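Before any comments, here is the structure.
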Amino acid sequence: MRTIPITQQGLHVMTKPIGPICNLDCEYCYYLHKEDLYGERKSWRMSEETLDSYIRQYIDAQPDDVPEVTFAWQGGEPTLLGTEFFQRAVEIQKEHAGSRKIINTIQTNGVLLNEEWCEFLKANDFLVGISIDGPAELHDRYRYDKQGLPTFQKVLDGLKLLKKYEVEFNVLVVVNRHNGDHAKRVYTYLRDTGVDFMQFIPIVEKRGVGVHAELPLASDQLRTFAYDDRVSSRSVGPDQYGRFLIEVFDEWLRRDVGKVFVQQFEEALTAWMGYESGICIFRKQCGRALAMEHNGDVYSCDHFVEPEYKLGNIYELPIVEMACSDQQVKFGTDKETTLPKYCQQCEVRFICNGECPKNRFIETPDGEAGLNYLCESYKAFFNHIDPVMKRMAETVKGGGLAAHVMHQINDERRGRQIQEQGSVSQTPSRNDPCPCGSGKKFKRCCSRR
């Protein structure tokens, strides 16, 4: 997504204008069962009265020094509301924006995108997130419609329309047990399809406490237990996600730095430069990213839309009061104060910070509760990229580009390969494949540096 400097960030609310209603039946979706919160309803569509009240309150809730206000529309599937709903939202935003710039983002499965939608999105400068889990055989494993039919081709058609109309978009990939062993294939497919912005979100579906939950486990047993018993069969493995990110990173470093932007890599560079992450999962504390349902109910977080985390309703309390309530402040600070000692002493805490609290349900090697299920993945990934990130951070601080480090590493790699061949005379000819692995001819790659 477009990155907003952390110094300019204010309160963020993820809005569900159609609640959990969706035209797909993705197997790993955590939001569809939220229908149970509200029982039988004739309509899940947000009323214009609620829309107007929300937009006004949300703009008013931002600090005075925040020049931009970002609205995040999600679901369910928000495109089910039609362009008319969002046209009205834009009109109301203009009425209340004052001197602030308004940014709209919308997350969609892409199935309903058509010419009308893309004309609207382009005309109103919407940033679109579109969900796709890789090529067809990987995407269609869990992402199907209400009839159980595959959705890949419709999603791809929607993506192509976004490109045709030059709508700014990024791709959200859910990394799961099925596509988690195909990182390079997923990444290169998206890159070669013309995707420049990507984020890779791990799916972790916690099951209820099992019969073996109270048994004492050694650290080596814990890995198998967590993988097989505490999460669904769709969930990415505790070490699998790390391998996925490492494989994508190595391919990205080989040829795509400065051309393709991966959220996890961008956030890592931010941390290595000494700044706090702009996304809540990697910050020391959370609590500034709330979720609002179609009827104005506000919850502590999108992943905690449960009765015990309900903060109130915008008809009863202003959004700013709910965001600053004791309940919400404690929700945010608990992320830091409940961090296990194992995490506090970890060499990559400065970037990880225990990741999202929703995933902290296994034990540390010494038996302390609250370790993140993906700890093994994050430790492996962040340690793997550490040498490169240090070089990139130093380069960027000195006024250079991160891509310069990529070229330096490729030059170093080529030098080692030539040295291993035993003689500089074995340098590739101009039309040979470049030994750096870019896939280009030598004359169009490293020979020009």
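The values are calculated or read from the model by the stated rules, or taken from the named source; none is laboratory data. Remember, predicted model here, so these are calculated numbers, not experimental data. For neighbour counting, all protein chains shown are included, and Cβ atoms are generated from backbone atoms with ideal geometry for every residue, glycine included. Just the protein is used for accessible areas: all its heavy atoms, side chains included, with ligands, DNA and RNA removed. Shrake-Rupley method; radii C 1.70, N 1.55, O 1.52, S 1.80 Å.
Which condition number in (1) small (G, A, S); (2) out of contact with any Ser or Thr (no Cβ under 9 Å at 6 or more places or on another chain); (3) touching a residue at least 24 places away in the same chain (Cβ under 8 Å) is the one that S131 fails?
Failing condition for S131: (2).
Kindly indicate the residue of the range 137-161 that is surrounded by fewer than 23 Cβ atoms within 10 Å (Cβ to Cβ) and among the aliphatic types (A, V, I, L, M) and also nearest to T108 (Cα to Cα) among those meeting that condition.
L159
Quick check: is even one residue across the range 410-421 part of a strand (DSSP E or B) and not hydroxyl-bearing (S, T, Y)?
Restricting attention to the range 410-421, the residues satisfying the condition of being part of a strand (DSSP E or B) are none.
Among the residues of the range 410-421, not one is part of a strand (DSSP E or B) and not hydroxyl-bearing (S, T, Y), which makes the answer no.
Please specify each residue of the range 381-424 satisfying the condition of being open to solvent by 80 Å² or more (accessible area, probe 1.4 Å) and touching a residue at least 24 places away in the same chain (Cβ under 8 Å).
Those that are open to solvent by 80 Å² or more (accessible area, probe 1.4 Å) and touching a residue at least 24 places away in the same chain (Cβ under 8 Å): K390, K397, L401.
So how many residues does the range 320-351 have that are surrounded by fewer than 19 Cβ atoms within 10 Å (Cβ to Cβ) and closer than 13 Å to Q285 by Cα?
Qualifying residue count, the range 320-351: 9.
I need the full set of residues from the range 64-74 which are open to solvent by 40 Å² or more (accessible area, probe 1.4 Å), under 25 Å from the mean Cα position of the chain (by Cα) and over 14 Å from A289 (Cα atoms), in order please.
At the first step, the residues of the range 64-74 found to be open to solvent by 40 Å² or more (accessible area, probe 1.4 Å) are 64-65, 67-68, 74.
With under 25 Å from the mean Cα position of the chain (by Cα) added as a condition, the list becomes 67-68, 74.
Within the range 64-74, P67, E68 meet the criteria.
List every residue pair whose Cβ atoms lie under 6 Å apart, where the two residues are 6 or more positions apart in sequence or sit on different chains, the first residue falls within the range 37-62 and is farther than 20 Å from K310 by Cα and part of a helix (DSSP H, G or I), and the second residue, located anywhere, is modelled with pLDDT of 90 or more and not basic (K, R).
Going by the 6 Å Cβ cut-off, the qualifying pairs are D52/I92; R56/H96; I59/V69; I59/H96.
Can you name the residue in the range 42-56 that is at pLDDT 95 or above and among the hydroxyl-bearing types (S, T, Y) and, of all such residues, is nearest to the chain's Cα centre (by Cα)?
Among them, the one singled out is Y54.
Condition first: touching a residue at least 40 places away in the same chain (Cβ under 8 Å), in contact with a helix residue (DSSP H, G or I) (Cβ under 8 Å, 6 or more places away or on another chain) and in a helix (DSSP H, G or I). Now tell me which residues in the range 323-365 satisfy that. Steps first, please.
Looking only at the range 323-365, we keep the residues that are touching a residue at least 40 places away in the same chain (Cβ under 8 Å), and these are 323, 328-329, 331-333, 335-336, 350-353, 355-359, 361-363, 365.
Filter once more, so that each one left must be in contact with a helix residue (DSSP H, G or I) (Cβ under 8 Å, 6 or more places away or on another chain): 323, 328, 331, 335, 350-353, 355-358, 362-363, 365.
Passing the criteria: A323, Q328, F331, K335, F350, I351, C352, P357, K358.
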